[in-house]
Amino acid sequence: MKLEKTPLAVLLLLLVVACTSTRSRYVIDDDVMEDILYDVHRSHYLLEDDIKRRYDGASQYAMMQHILKQHGVTRQEWDSSLVYYTRHADELSTIYERLTEKMEYEATIMGAGVSEVSDSSDIWTSDRNIILTSEDLFSSYQWKVNTDTTLQAGEKVTLRCMAHFLNADAQKRATLLLALKLSDDSVMTRYSVATQTGIYTTDITDDLAKGIKEVSGIFMLHHPLMSSSATSNDRQIAVISQIKLLHEPKVLPQQDKPKSDVQESDTLRVLNADSLNKKGLEGTSAPKRINAIRKLDNVEELPAPGNVPASRNVNIK
(Lines give C-alpha, C1' and ligand atoms only; values in the text may rest on other atoms or scores of the structure.)
Protein backbone atom coordinates (compact mmCIF):
# COMPACT_ATOMS: atom_id res chain seq x y z
CA MET A 1 0.00 0.00 0.00
CA LYS A 2 2.79 2.41 0.81
CA LEU A 3 4.48 1.73 -2.52
CA GLU A 4 1.25 2.47 -4.39
CA LYS A 5 0.73 5.80 -2.57
CA THR A 6 4.30 7.03 -3.04
CA PRO A 7 3.96 7.97 -6.73
CA LEU A 8 0.76 9.86 -5.97
CA ALA A 9 2.43 11.83 -3.17
CA VAL A 10 5.32 12.70 -5.45
CA LEU A 11 2.91 13.91 -8.12
CA LEU A 12 1.07 16.09 -5.59
CA LEU A 13 4.37 17.57 -4.42
CA LEU A 14 5.40 18.36 -7.99
CA LEU A 15 2.01 19.92 -8.62
CA VAL A 16 2.34 22.22 -5.59
CA VAL A 17 5.83 23.27 -6.66
CA ALA A 18 4.63 23.95 -10.19
CA CYS A 19 1.73 26.09 -8.93
CA THR A 20 3.96 28.16 -6.67
CA SER A 21 6.67 28.68 -9.29
CA THR A 22 4.64 30.81 -11.68
CA ARG A 23 7.10 33.71 -12.08
CA SER A 24 8.29 34.10 -15.64
CA ARG A 25 11.96 34.56 -16.45
CA TYR A 26 11.01 37.96 -17.85
CA VAL A 27 9.77 39.20 -14.46
CA ILE A 28 12.20 41.57 -12.74
CA ASP A 29 13.82 40.33 -9.52
CA ASP A 30 12.55 41.85 -6.28
CA ASP A 31 15.81 43.67 -5.52
CA VAL A 32 15.99 45.22 -9.00
CA MET A 33 12.31 46.15 -8.82
CA GLU A 34 12.91 47.90 -5.51
CA ASP A 35 15.81 49.90 -6.98
CA ILE A 36 13.73 50.94 -9.99
CA LEU A 37 10.80 52.07 -7.85
CA TYR A 38 13.20 53.98 -5.60
CA ASP A 39 14.54 55.94 -8.58
CA VAL A 40 11.01 56.54 -9.85
CA HIS A 41 9.93 58.06 -6.53
CA ARG A 42 13.06 60.20 -6.28
CA SER A 43 12.47 61.52 -9.78
CA HIS A 44 8.94 62.57 -8.86
CA TYR A 45 10.24 64.37 -5.77
CA LEU A 46 12.69 66.29 -7.95
CA LEU A 47 9.75 67.36 -10.15
CA GLU A 48 7.63 68.42 -7.16
CA ASP A 49 7.98 72.12 -7.96
CA ASP A 50 7.76 71.62 -11.74
CA ILE A 51 3.99 71.20 -12.10
CA LYS A 52 4.02 71.22 -15.91
CA ARG A 53 6.51 68.33 -16.25
CA ARG A 54 5.21 66.42 -13.23
CA TYR A 55 1.69 66.08 -14.64
CA ASP A 56 2.72 65.74 -18.28
CA GLY A 57 2.28 62.20 -19.60
CA ALA A 58 5.07 62.49 -22.17
CA SER A 59 7.54 63.70 -19.53
CA GLN A 60 6.66 60.84 -17.19
CA TYR A 61 7.01 58.28 -19.99
CA ALA A 62 10.45 59.64 -20.98
CA MET A 63 11.54 59.61 -17.33
CA MET A 64 10.45 55.97 -16.98
CA GLN A 65 12.31 54.95 -20.11
CA HIS A 66 15.48 56.62 -18.82
CA ILE A 67 15.26 54.81 -15.46
CA LEU A 68 14.73 51.40 -17.11
CA LYS A 69 17.76 51.97 -19.35
CA GLN A 70 19.91 52.85 -16.33
CA HIS A 71 19.01 49.51 -14.69
CA GLY A 72 19.43 47.48 -17.88
CA VAL A 73 15.75 46.50 -18.00
CA THR A 74 13.89 46.28 -21.30
CA ARG A 75 10.37 47.50 -21.87
CA GLN A 76 9.25 43.90 -22.38
CA GLU A 77 10.61 42.89 -18.96
CA TRP A 78 8.91 45.87 -17.31
CA ASP A 79 5.55 45.10 -18.96
CA SER A 80 5.81 41.43 -17.99
CA SER A 81 6.54 42.45 -14.42
CA LEU A 82 3.47 44.68 -14.32
CA VAL A 83 1.30 41.79 -15.49
CA TYR A 84 2.80 39.57 -12.79
CA TYR A 85 2.39 42.08 -9.93
CA THR A 86 -1.24 42.84 -10.82
CA ARG A 87 -1.90 39.24 -9.80
CA HIS A 88 0.57 39.20 -6.88
CA ALA A 89 -0.05 42.52 -5.14
CA ASP A 90 1.12 41.08 -1.82
CA GLU A 91 4.66 40.65 -3.20
CA LEU A 92 4.72 44.21 -4.47
CA SER A 93 3.47 45.39 -1.07
CA THR A 94 6.45 43.67 0.59
CA ILE A 95 8.80 45.49 -1.79
CA TYR A 96 7.19 48.82 -0.89
CA GLU A 97 7.58 48.15 2.83
CA ARG A 98 11.34 47.86 2.39
CA LEU A 99 11.34 50.86 0.06
CA THR A 100 9.50 53.02 2.61
CA GLU A 101 11.93 52.10 5.39
CA LYS A 102 14.84 53.01 3.14
CA MET A 103 13.39 56.39 2.17
CA GLU A 104 12.47 57.31 5.76
CA TYR A 105 15.96 56.37 6.94
CA GLU A 106 17.59 58.53 4.26
CA ALA A 107 15.25 61.42 5.11
CA THR A 108 16.40 61.23 8.73
CA ILE A 109 20.08 61.13 7.73
CA MET A 110 19.60 64.17 5.48
CA GLY A 111 18.21 66.16 8.40
CA ALA A 112 14.46 65.92 7.99
CA GLY A 113 12.60 67.27 11.00
CA VAL A 114 10.64 65.05 13.33
CA SER A 115 7.38 66.51 12.03
CA GLU A 116 8.34 65.46 8.49
CA VAL A 117 8.89 61.83 9.48
CA SER A 118 6.10 61.42 12.04
CA ASP A 119 3.19 63.56 13.17
CA SER A 120 1.51 63.40 16.57
CA SER A 121 -1.79 64.47 15.01
CA ASP A 122 -1.73 61.51 12.61
CA ILE A 123 -4.33 58.89 13.59
CA TRP A 124 -3.83 56.54 10.62
CA THR A 125 -3.52 52.97 11.96
CA SER A 126 -3.41 50.82 8.82
CA ASP A 127 -0.67 50.10 6.26
CA ARG A 128 1.16 53.14 4.87
CA ASN A 129 1.35 51.58 1.39
CA ILE A 130 -1.76 50.26 -0.36
CA ILE A 131 -1.43 48.40 -3.67
CA LEU A 132 -4.35 48.62 -6.11
CA THR A 133 -4.32 46.62 -9.34
CA SER A 134 -6.57 45.94 -12.30
CA GLU A 135 -7.48 42.55 -10.86
CA ASP A 136 -10.89 42.67 -9.19
CA LEU A 137 -9.52 41.18 -5.96
CA PHE A 138 -7.07 44.06 -5.45
CA SER A 139 -8.88 46.95 -7.15
CA SER A 140 -10.18 48.58 -3.92
CA TYR A 141 -9.24 48.95 -0.27
CA GLN A 142 -11.62 49.93 2.54
CA TRP A 143 -10.40 51.29 5.86
CA LYS A 144 -11.87 52.50 9.15
CA VAL A 145 -10.55 54.28 12.25
CA ASN A 146 -12.47 54.28 15.53
CA THR A 147 -11.90 57.69 17.09
CA ASP A 148 -13.01 57.00 20.70
CA THR A 149 -11.89 60.15 22.53
CA THR A 150 -9.17 61.12 20.05
CA LEU A 151 -11.28 63.62 18.11
CA GLN A 152 -13.26 66.45 19.64
CA ALA A 153 -16.45 68.01 18.35
CA GLY A 154 -15.87 70.53 15.58
CA GLU A 155 -12.50 69.17 14.45
CA LYS A 156 -11.18 69.06 10.88
CA VAL A 157 -9.98 65.71 9.49
CA THR A 158 -7.59 65.63 6.52
CA LEU A 159 -6.59 62.62 4.40
CA ARG A 160 -3.24 63.14 2.67
CA CYS A 161 -1.52 60.59 0.45
CA MET A 162 0.49 60.09 -2.72
CA ALA A 163 -0.97 58.19 -5.69
CA HIS A 164 1.59 56.62 -7.99
CA PHE A 165 0.62 54.92 -11.28
CA LEU A 166 3.23 52.43 -12.49
CA ASN A 167 1.91 51.89 -16.03
CA ALA A 168 2.22 55.08 -18.06
CA ASP A 169 0.28 53.56 -20.98
CA ALA A 170 -2.82 52.40 -19.10
CA GLN A 171 -5.74 54.45 -17.81
CA LYS A 172 -4.95 56.47 -14.66
CA ARG A 173 -7.96 57.08 -12.43
CA ALA A 174 -8.38 56.35 -8.72
CA THR A 175 -10.91 57.63 -6.17
CA LEU A 176 -9.74 58.59 -2.67
CA LEU A 177 -12.83 58.87 -0.45
CA LEU A 178 -13.05 60.16 3.12
CA ALA A 179 -16.14 59.81 5.35
CA LEU A 180 -17.03 61.02 8.86
CA LYS A 181 -19.72 59.33 10.92
CA LEU A 182 -21.03 61.83 13.46
CA SER A 183 -22.54 61.26 16.90
CA ASP A 184 -26.09 61.38 15.50
CA ASP A 185 -25.14 58.67 12.93
CA SER A 186 -25.23 61.11 10.03
CA VAL A 187 -22.39 60.76 7.50
CA MET A 188 -20.32 63.42 5.72
CA THR A 189 -18.24 62.46 2.65
CA ARG A 190 -15.63 64.09 0.44
CA TYR A 191 -13.43 62.59 -2.26
CA SER A 192 -10.55 63.33 -4.64
CA VAL A 193 -9.90 61.75 -8.02
CA ALA A 194 -6.29 60.98 -8.85
CA THR A 195 -5.53 61.05 -12.58
CA GLN A 196 -1.73 61.45 -12.45
CA THR A 197 1.07 60.59 -10.08
CA GLY A 198 1.11 63.17 -7.30
CA ILE A 199 0.01 64.16 -3.79
CA TYR A 200 -3.71 64.47 -3.08
CA THR A 201 -5.56 65.96 -0.09
CA THR A 202 -9.17 65.59 1.04
CA ASP A 203 -10.62 67.15 4.22
CA ILE A 204 -13.92 67.36 6.12
CA THR A 205 -14.85 69.61 9.07
CA ASP A 206 -17.47 68.84 11.70
CA ASP A 207 -18.95 72.32 11.22
CA LEU A 208 -21.94 71.83 13.53
CA ALA A 209 -19.74 70.35 16.29
CA LYS A 210 -21.87 67.23 16.61
CA GLY A 211 -18.91 65.04 17.51
CA ILE A 212 -17.06 62.49 15.35
CA LYS A 213 -17.78 58.83 16.08
CA GLU A 214 -15.88 57.17 13.22
CA VAL A 215 -13.58 57.99 10.30
CA SER A 216 -13.57 55.69 7.26
CA GLY A 217 -12.90 55.68 3.56
CA ILE A 218 -12.03 53.75 0.44
CA PHE A 219 -9.27 53.76 -2.17
CA MET A 220 -10.55 52.47 -5.52
CA LEU A 221 -8.83 52.02 -8.87
CA HIS A 222 -11.19 52.65 -11.79
CA HIS A 223 -10.55 50.08 -14.49
CA PRO A 224 -12.61 47.50 -16.39
CA LEU A 225 -12.19 43.91 -15.27
CA MET A 226 -9.25 42.26 -16.96
CA SER A 227 -9.60 39.13 -19.06
CA SER A 228 -6.91 36.47 -19.39
CA SER A 229 -6.09 37.78 -22.87
CA ALA A 230 -5.49 41.37 -21.71
CA THR A 231 -2.15 42.91 -22.59
CA SER A 232 0.16 44.86 -20.31
CA ASN A 233 -1.17 48.12 -21.79
CA ASP A 234 -4.57 47.30 -20.27
CA ARG A 235 -3.29 46.64 -16.77
CA GLN A 236 -2.63 49.30 -14.16
CA ILE A 237 -1.01 49.32 -10.74
CA ALA A 238 -1.68 52.26 -8.41
CA VAL A 239 0.37 52.58 -5.24
CA ILE A 240 -1.22 54.72 -2.51
CA SER A 241 1.64 55.66 -0.21
CA GLN A 242 2.70 58.18 2.46
CA ILE A 243 -0.82 58.00 3.89
CA LYS A 244 -1.64 60.38 6.74
CA LEU A 245 -4.93 61.01 8.52
CA LEU A 246 -4.54 64.31 10.35
CA HIS A 247 -6.90 66.09 12.72
CA GLU A 248 -6.99 69.75 13.71
CA PRO A 249 -8.91 71.21 16.68
CA LYS A 250 -11.68 73.69 16.04
CA VAL A 251 -10.41 77.26 15.80
CA LEU A 252 -12.35 79.50 18.19
CA PRO A 253 -13.18 83.03 16.97
CA GLN A 254 -11.00 85.73 18.49
CA GLN A 255 -12.74 88.02 20.96
CA ASP A 256 -12.54 91.78 20.52
CA LYS A 257 -10.08 93.44 22.86
CA PRO A 258 -11.72 95.71 25.50
CA LYS A 259 -11.44 99.39 24.77
CA SER A 260 -9.17 101.51 26.92
CA ASP A 261 -10.72 103.60 29.69
CA VAL A 262 -9.16 106.70 28.17
CA GLN A 263 -11.20 107.57 25.07
CA GLU A 264 -10.01 109.39 22.02
CA SER A 265 -11.83 112.55 23.11
CA ASP A 266 -9.87 112.50 26.40
CA THR A 267 -6.62 112.40 24.41
CA LEU A 268 -7.70 115.43 22.40
CA ARG A 269 -8.58 117.27 25.60
CA VAL A 270 -5.11 116.52 26.99
CA LEU A 271 -3.53 118.01 23.89
CA ASN A 272 -5.77 121.09 23.99
CA ALA A 273 -5.13 121.61 27.70
CA ASP A 274 -1.38 121.36 27.20
CA SER A 275 -1.45 123.90 24.42
CA LEU A 276 -3.50 126.31 26.52
CA ASN A 277 -1.61 126.00 29.78
CA LYS A 278 1.63 124.21 29.00
CA LYS A 279 3.57 125.93 31.76
CA GLY A 280 1.06 125.04 34.45
CA LEU A 281 0.93 121.32 33.52
CA GLU A 282 4.65 120.60 33.13
CA GLY A 283 6.08 118.28 35.77
CA THR A 284 2.69 117.21 37.13
CA SER A 285 1.64 113.61 37.51
CA ALA A 286 -1.02 111.92 35.36
CA PRO A 287 -3.87 112.24 37.92
CA LYS A 288 -3.18 115.98 38.35
CA ARG A 289 -3.13 116.44 34.58
CA ILE A 290 -6.52 114.75 34.25
CA ASN A 291 -7.95 116.89 37.10
CA ALA A 292 -6.66 119.97 35.34
CA ILE A 293 -8.38 118.92 32.15
CA ARG A 294 -11.68 118.44 33.99
CA LYS A 295 -11.36 121.88 35.55
CA LEU A 296 -10.65 123.37 32.13
CA ASP A 297 -13.73 121.60 30.77
CA ASN A 298 -15.84 123.40 33.40
CA VAL A 299 -14.80 126.77 31.99
CA GLU A 300 -17.69 127.90 29.81
CA GLU A 301 -15.60 129.88 27.33
CA LEU A 302 -11.92 130.52 26.98
CA PRO A 303 -10.79 133.78 25.39
CA ALA A 304 -8.38 133.75 22.52
CA PRO A 305 -4.67 133.56 23.41
CA GLY A 306 -3.16 136.96 24.10
CA ASN A 307 -6.45 138.43 25.38
CA VAL A 308 -6.53 136.64 28.74
CA PRO A 309 -6.86 139.22 31.54
CA ALA A 310 -3.95 139.24 34.00
CA SER A 311 -6.32 138.83 36.93
CA ARG A 312 -7.77 135.57 35.54
CA ASN A 313 -5.55 132.62 36.39
CA VAL A 314 -6.13 128.89 36.49
CA ASN A 315 -4.90 127.37 39.71
CA ILE A 316 -3.84 123.73 39.61
CA LYS A 317 -3.98 121.87 42.88
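The values are calculated or read from the model by the stated rules, or taken from the named source; none is laboratory data. Here the structure is a predicted model, which is why all the values come from computation and not from measurement. Backbone-built Cβ (ideal geometry, glycine too); neighbour counts: all protein chains shown. The accessibility values were calculated without ligands, DNA or RNA, using every heavy atom of the protein model including side chains. Shrake-Rupley method; radii C 1.70, N 1.55, O 1.52, S 1.80 Å.
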In the full protein assembly as shown, how much of THR158 is accessible to a 1.4 Å probe, in Å² to the nearest 10? 20
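What is the percent carbon and sulfur in the accessible area of segment 80-223, measuring with a 1.4 Å probe over the protein chains and ignoring ligands? Intermediate results must be reported in sequence, preceding the final value.
Details: 3240 of 6970 Å².
Carbon with sulfur: 47 percent of the solvent-accessible area.
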Judged on accessible area alone, 1.4 Å probe, highest first, LYS250, LYS69, LYS210 line up as LYS69, LYS250, LYS210
Built amide H within the under 5 Å cut-off of HIS222, gap 5+: ARG173, ALA174, THR175
On the full set of protein chains, 1.4 Å probe, figure out the accessible area of ARG190 and give it in Å² to the nearest 10. 110
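By the scheme Lys and Arg +1, Asp and Glu -1, what is the net charge of all other residues having a beta-carbon under 10 Å from that of ASN167? Write down the numbers at each step before the final one.
Values: positive: LYS172, ARG235; negative: ASP79, ASP169, ASP234.
My count for the surroundings of ASN167 gives -1.
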Order SER134, SER183 by their accessible area, 1.4 angstrom probe, all chains in place, largest first. SER183, SER134
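Please compare each pair in LYS69/LYS244; LYS172/LYS244; LYS144/LYS244; LYS102/LYS250 to a cut-off of 25 Å on the Cα-Cα distance and tell me which ones are over it.
Flagged as over cut-off: LYS69/LYS244; LYS102/LYS250.
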